[in-house]
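Report on the following structure.
The values are calculated or read from the model by the stated rules, or taken from the named source; none is laboratory data. This structure is a prediction, so every number in the text was calculated from the model and none was measured. Using ideal geometry, Cβ is built from the backbone for each residue, glycine included, and neighbour counts are taken over all protein chains shown.
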Amino acid sequence: MKKNDLFKAEITGMTSEGAGVCHVDEMAVFVPGTAVGDQITVRIVKVMKRFAFGRLEELHTPGPGRVEMDCPVARPCGGCVYRHIDYATELKYKQQKVEDAIRRIASLPDLPIRPILGAENPDRYRNKALFPVGRDAQGHAAVGFFARNSHRIVPCTACLLQPEAFDRLAAAFCRFIDETGESIYDEASHTGRIRHLYLRCADSTREIMVCAVLNGKGLRHENKLVEAMRAASDEVVSVVINTNMEKTNVVLGPHCRTLWGKDTLTDTLCGLQFEISPLSFYQVNRTQAQRLYEQAAAYAVLTGKETLLDLYCGAGTIGLSMASKARRLIGVEIVPEAIENAKANARRNGVENAEFFAADAAQAAEKLAARGEKPDVIVVDPPRKGCDESLLHTIAEMAPERLVYVSCDPATLARDLARLDELGYQAQELTPVDLFPRTSHVECVVLMSKVQN
């Protein structure tokens, strides 16, 4: 097998990243944009020692669930890996992805896995967009998304995952740049001014914040920017400048300045109000996040007598959503700014039984032990890499009766479940939740209980 070879094959499986898998001469070939059951001609684009990457050259017979792609930039953008199949089939793939990880990595074939909680509407769910700014082939200002594994912008002002108002604002932002001659940031030379267009929406009120991320402290035509954004959507209540003058892939800088309107948005999640600034963490799919948190609360089985410890608490959303059912809530997060947000969110919602402090998990365990406190239930929501070994040991040493593990990556979740099983915590049940329809991502929440010796 070599590059540019053509083969006829059938797609028989899917990778965890959403590419189809076929076999040619007993070698696995990964083909993006295909579906199980597709009869295809595949062109080989890269050959490795044990597998190869291919490109769909021709579709002969579509597999069940395949549909016409309804986004013209889905392939070059690469974000919506399931845009070419119907949503019911996508959920089957994600359910299988979770089951495979639990069986193969965690070696827990008997763990009950409930049916995935799919979204009522798989489109227009994102309340946040970060558009890099560049120029199109004609030299006009363009916003869009970086193509997979590159910093090449795929122009897009009509993303089906975002509110329609975002489309209008993105187009108006580009017109503003062309009409005013404001400069666009060049990554290679670190020159130019406008780096990103950043949009946020509060789902409960539909209020929108527009934030221009700049390689500098301001623009020459700030009043015109405000006028253009307000004219594009009457839902805009805030126009903000964020300054990021570093040579970095990190989008946002530490300083914001409000040009017009509100400094923050306020949204409602699980019956609580959360204030959202440009720098605040907030789930991008509010409706599905509520379902995820409700399932986590159901697994926590709080009666009002428990001490609940929320590790990786961020701005406190998960813990605060359960605080009314616990005797007390203790939230721990290593980022001090997030802890300040959590404290403010507790005050805003009149939650008086919550305490938040900045520390890592080991420091938190020492502090609680020194005070003679022991958590009855721990909720952990780590980043994609999962929990490190020291954190898993710390959790086991604190010996809560129940552990609720919220995960955004089935593979690292499965790894950690296997290790926690060795440390005396048995997984009781898992529920997958689809927070990011049309993408390859899937969230899970797991109930674990301490094994009684």
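Right, Thr264: modelled with pLDDT of 95 or more and either surrounded by fewer than 15 Cβ atoms within 10 Å (Cβ to Cβ) or hydroxyl-bearing (Ser, Thr, Tyr) (or both) or not? So Thr264 does not fit the description; no.
A count restricted to region 317-363 and to residues that are basic (Lys, Arg), assigned to a helix (DSSP H, G or I) and touching a strand residue (DSSP E or B) at 6+ places or on another chain (Cβ under 8 Å) stands at 2. Considered as a group, the residues in region 132-141 that are in contact (Cβ under 8 Å) with a residue 24 or more places away in the chain and small (Gly, Ala, Ser) include one that is farthest from Val81 (Cα to Cα), and that residue is Ala141.
Condition (residue is among the aliphatic types (A, V, I, L, M) and crowded, with 20+ Cβ neighbours inside 10 Å) applied to region 156-165: is it met by at least one residue? The answer is yes; a qualifying residue exists. Taking region 170-248 as the region of interest, the strands (runs of 3 or more DSSP E) fully inside it that hold 2 or more residues being assigned by TED's automatic domain parsing to the domain that holds Cys159 and in contact with a Gly (Cβ under 7 Å, 6 or more places away or on another chain) are 236-243. Checking each residue in region 222-249 for being of a type in the set (Lys, Arg) and under 17 Å from Ile177 (Cα atoms) picks out Lys224, Arg230. Figure legend. Inter-residue proximity from region 142-169: first residues in the same structural domain as Asn249 (by TED's automatic domain parsing), second residues small (Gly, Ala, Ser) and surrounded by fewer than 19 Cβ atoms within 10 Å (Cβ to Cβ), beta-carbon distance below 6 Å, spacing 6+ or different chains. Indicated pairs: Val154/Ala147; Thr157/Ala171; Asp167/Ala158.
Of the residues screened, Ala369 is not one that is buried (at least 20 other Cβ atoms within 10 Å of the Cβ) and assigned to a helix (DSSP H, G or I). Could you go through region 333-340 and let me know if any residue there is touching a residue at least 40 places away in the same chain (Cβ under 8 Å) and within 23 Å of the chain's Cα centre (by Cα). Yes, region 333-340 has at least one match.
When region 1-17 is filtered for residues that are in contact (Cβ under 8 Å) with a residue 40 or more places away in the chain and in contact with a His (Cβ under 9 Å, 6 or more places away or on another chain), only Lys8 remains. Looking across region 415-445 at every residue that is in contact (Cβ under 8 Å) with a residue 60 or more places away in the chain and over 19 Å from the mean Cα position of the chain (by Cα), the one that is farthest from Ala119 (Cα to Cα) is identified as Asp421. The condition (being buried (at least 21 other Cβ atoms within 10 Å of the Cβ) and among the small types (Gly, Ala, Ser)) is satisfied by just one residue among Gly316, Gly304, Gly271: Gly316.
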